[in-house]
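One structure is given below, encoded as structure tokens.
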Amino acid sequence: MRKLAFTLCLLAFISCKKEEETKEALYPEKTISAEEKQLQLGQEIFDGKGMCFSCHKPDQKVIGPSVKQIAEIYKAKNADMKLFLKEKSEPIVDPSQYSVMKANLTITKTFTDEELKAVETYFYSHLK
């Protein structure tokens, strides 16, 4: 009788272990790269507290130039988008719209370097 009880306990233990392994195989933890995290943060800022979406669309000019156009020009001129967002460099994409953008620079100047880098990463992601 003891052997039977021991055997049943052993089988129950082994089967529980297999179920746990199966769960891990079915639902592996999703790892997000640092670049993906930065891209997500950039999009959150663009769509949220940065309010960039109100003037910029991914591939069409609305009030301001498109995100893609901005990224193309900054890449072609090897310019630093973060400096512009801190109001430490001149506008290079559409200087005639600078007076409209100037009000928003009040917001972007409060962003951390990490947040500005994330916004820049989000803009450059539209070149792919």
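The values are calculated or read from the model by the stated rules, or taken from the named source; none is laboratory data. Model, not experiment: these values are computed from the prediction. Every residue, glycine as well, gets a Cβ built from its backbone with ideal geometry; the counts of neighbours run over all protein chains shown.
Summary of values
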read-out	value
Where a residue in the range 81-104 is at pLDDT 95 or above and its partner, wherever it lies, is part of a loop (DSSP other than H, G, I, E, B) and among the hydroxyl-bearing types (Ser, Thr, Tyr), with Cβ under 6 Å and at least six apart	Leu83/Ser89
Count - residues of the range 77-128 that are within 19 Å of the chain's Cα centre (by Cα) and β-branched (Val, Ile, Thr)	6
Filter result (within 22 Å of Leu41 (Cβ to Cβ), part of a helix (DSSP H, G or I) and of a type in the set (Ser, Thr, Tyr)) within the range 84-123	Thr106, Thr108, Thr121, Tyr122
Answer residue from the range 67-83, given it is in a helix (DSSP H, G or I) and either out of contact with any helix residue (DSSP H, G or I) (no Cβ under 8 Å at 6 or more places or on another chain) or β-branched (Val, Ile, Thr) (or both) and is surrounded by the fewest Cβ atoms within 10 Å (Cβ to Cβ) among those	Ala76
Of all residues in the range 34-66 being aliphatic (A, V, I, L, M) and in contact (Cβ under 8 Å) with a residue 24 or more places away in the chain, the one that is surrounded by the fewest Cβ atoms within 10 Å (Cβ to Cβ)	Ile63
